[in-house]
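Heads up, the thing below is written out as structure tokens.
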Amino acid sequence: MPDVITVRIQRGSDSFQEVDVKIERPTYNKPFLGGFRNVSTGVEFHNAGSQTKQKKRPDKGIQLFCKETQTIVEKNKLQQTRNTTSTQMTKIGLYVSNVTDKLITPGKYFTAEEYHKRRLEAVIVLQKYFRRWHAINLVQNLKEQKRLRLAREAQEELQKKREKEEKLRREYEKKLNPKTTEDFELLYHDLELWMQEETERINRTLTGAERKAALCALLEKETQLIACIGMHKLDANLENQQKAIMHFLHKCAQPRRWKAFDGKITEMDTQSTLRGKELLEIYRSITTKDIPKDERISVLLTVKCTVKEHECKLTQEIAVLIDREIDLMSREVKECNLEGLRKRICTLFLQYIKSPEFNPEAAGLLKVPQDPLKLYKRVYFCHSCENYLASTEFPIPANSRTIGRCRSCYRLDNEARQREAYLKYRLILEDLRKSEADYQDDSKIVFLVQLPDMQYLIENIWNCQSALSASSDLYDLVMVRWDKQHEWSPWNTILLTKEEADAHLKLCNLEKTYEAPFIYKMEQKHIRAKNYFAQIPVMSSFLHRSNNQANANSYK
């Protein structure tokens, strides 16, 4: 059949119209819709179907199966048993042997009720043994848990004891060989406690002239102890000064460091750091004692060559002193007579190292800036010692409105009068700041509180003891949040031991855990803290914000 055929259509009685019809070839086999066959001619005729494509069913996203795959095909098949058996019995003309026969005697008949009763008894026996086995395992697990708990508690108790002994040992070592300012604070504090005890004992046991004589002897002994502490302080200052110098030189010689994308640390030596290393090695050599004369002369010549690279009054003075020492050494002068000259050389060479013109790395490490204009902006006058000092030398409490005395004047006044030791309060404040930094919720108040404020908070409001156990060991006490949902503040805190603090921070509802009298007691302490810190201008904004939050919570 052609692709296009012409069909003639009658429009009227006498009118016809020819229409071109395009034949569309099917792309599929048309289904058989039935038909018939002419018997006389044998020609088959099929029922007509439309030329349009079949409408596709929408895809439901589910795989469908026809009925044949959803039903199981059953078939019956007879099968003969493997062993053919017979039921033939002995009769006339047939003998069947009974050698292999068995005599079966029927047992006692029992009813269904008896059967189920036997099964129930057997189940009860099984349950007994199972429960016994389960109870044994449970008891063994409880015993193991108890053993582990007791071992852990014993280990924790032993660890606490060791830590306490270590703290006492370190404190005793600090008092025996004081090195830092905190060590001398402990010494003066113990001296004051000893003086109070001795004074109280003398006033209680002696009277009249004996009392005055004992007080005079006590004052004389106190004076000797203060002089002894002063000698230790001079020695410690010399040692700390040498440590500070070596720390400064190591900082100058330290290479540049940065962290790469893969986490590795990269170090790079620059020209200035190499210069710092060279000066560090020279300073070590020149400060070394008890070395042979030839090595000493070699070191002095190295120093002279190093300082000769820059011509100035300082380098000329160093060169003159080096020539003088070499001349005296050639004349066999004793080393004890050269100590003063060698100290002068070391001092001038250290001054040379600290000059940024000769050591570029020292520019960023000096406390005094090179630009005088920057120095003027950050210098304040101490009315006690009448010295102009940098702003970092003035401790400013949170309630302070003006610049007071410098740190050295405060320290001297404390050693002469109060003799208080701030080490324990400083440790509590440092632990509190570390714990608040771990919350990462932008806490600010804890960093505004200074050491005197923390001392007032612990001594006057919390009476230097835990709120729960009344433990007075400040080394074991920490300050944590009362309500951990809000940032720490003097009116949102509680003083507890370390174990109590860990348990307190795990609580979700304070009202259900603590009793009403204890909560009321804590609220009274918080009110006292609010009344004290409300006098501080910096704290007023935080105090108003906390009050607004409390009002909002009470309204809810």
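The values are calculated or read from the model by the stated rules, or taken from the named source; none is laboratory data. Because the structure is a prediction, the values reported are computed rather than measured. Here Cβ is always computed from backbone atoms with ideal geometry, including for glycine, and neighbour counts include all displayed protein chains. Quick note on the areas: whole protein, heavy atoms, side chains included, nothing else; ligands and nucleic acids left out. Shrake-Rupley method; radii C 1.70, N 1.55, O 1.52, S 1.80 Å.
For the listed peptides 474-484, 204-214, 261-271, a ranking on the average number of other beta carbons within 10 Å per residue, highest first, reads 474-484, 204-214, 261-271.
Helical content of the chain, expressed as a calculated mean residue ellipticity at 222 nm, amounts to -18000 deg cm²/dmol (DSSP H runs of 4 or more residues, -39,500 (n - 2.57) each, divided by residue number, nearest 500). With each pseudo-label sitting 7 Å past Cα toward Cβ, what's the Leu191-Lys75 distance in nm, one decimal? Between Leu191 and Lys75, the label points sit 11.3 nm apart. Across region 166-171, coupling constants 3J(HN,Hα) worked out from phi with the 6.51/-1.76/1.60 Karplus curve, θ = phi - 60°, read 5, 5, 5, 5, 5, 5 Hz, and Gly and Pro carry x.
Taking 7 Å steps out from each Cα toward its Cβ at Ser391 and Leu338 produces label points 4.9 nm apart.
What area, in nm² and to one decimal, does the C-alpha convex hull of the chain cast on average over all directions? Kindly include the intermediate steps, with their values, before the conclusion.
On the way: hull surface 360.9 nm².
Convex hull of Cα atoms, orientation-averaged projection: 90.2 nm².
Compute the Rg/Rh shape ratio of region 433-554: radius of gyration over Kirkwood radius, all on alpha-carbon atoms. Reported Rg/Rh (Cα atoms, Kirkwood Rh): 0.93. The Cα-based radius of gyration and maximum Cα-Cα distance (Dmax) for region 422-494 are 11.6, 32 Å.
FRET efficiency for Glu281 and His383, Cβ-Cβ distance as r, R0 = 60 Å, nearest 0.05? Let's see the in-between values first.
Numbers: r = 45 Å, r/R0 = 0.75.
Using R0 = 60 Å, I get an efficiency of 0.85.
Across region 520-527, computed HN-Hα scalar couplings (Karplus, 6.51 cos²θ - 1.76 cosθ + 1.60, θ = phi - 60°) run 5, 5, 5, 5, 5, 5, 5, 5 Hz from first to last residue, x flagging Gly and Pro.
Compute the length gained on full extension between Met522 and Ile403: take 0.36 nm times their separation in residues and subtract their Cα-Cα distance, giving the result in nm to one decimal. If you can, show how the numbers build up before the last one.
Numbers: separation 119, 0.36 × 119 = 42.84 nm, distance 3.47 nm.
Here the segment from Met522 to Ile403 would lengthen by 39.4 nm.
For Lys334, the lysines whose Cα comes closer than 23 Å to its Cα, not counting residues fewer than 8 places off in the same chain, are Lys289, Lys293, Lys304, Lys343. Taking 8 Å as the Cα distance limit and 6 or more residues as the minimum spacing, I'd like the relative contact order of the chain as a percentage. Relative contact order of the chain: 7 percent.
Work out the charge dipole of the chain with +1 on the Cβ of Lys and Arg and -1 on the Cβ of Asp and Glu about the Cα centre, then indicate which of Gln79, Asn387, Cys305 is farthest towards its positive end. Result: Gln79, furthest along the dipole toward the positive end.
Take the Cβ atoms of Tyr115 and Gln63, set R0 to 35 Å, and the FRET efficiency comes out at 0.10.
Accessible surface computed residue by residue for the chain, with neighbouring protein chains in place and a 1.4 Å probe, gives 76 Å² per residue. The distance between label points at Gln316 and Asn531 comes to 7.2 nm (points 7 Å beyond Cα on the Cα→Cβ vector).
Taking amide H as placed 1.01 Å from N in the peptide plane, the amide H of Ile494 sits under 5 Å from that of Val480, Trp482, each at least 5 places away or on another chain.
Rounded to the nearest Hz, the phi-derived 3J(HN,Hα) couplings of region 255-265 under the Karplus curve 6.51 cos²θ - 1.76 cosθ + 1.60 (θ = phi - 60°) are x, 6, 10, 8, 9, 7, 5, 8, x, 7, 8, where x marks glycine and proline. Close Lys pairs in region 433-554, defined as Cα atoms under 18 Å apart and 8 or more places apart or on different chains, number 12.
Split the accessible area of region 265-366 by element, probe 1.4 Å, and carbon with sulfur accounts for 52%. What FRET efficiency would be calculated for the residue pair Asp323, Thr180, taking the C-beta separation as r and a Förster radius of 51 Å, to the nearest 0.05? Computed FRET efficiency for Asp323 and Thr180: 0.80.
Taking the accessible area of region 433-554, probe 1.4 Å, and keeping the other protein chains in place, the carbon and sulfur fraction comes to 50%.
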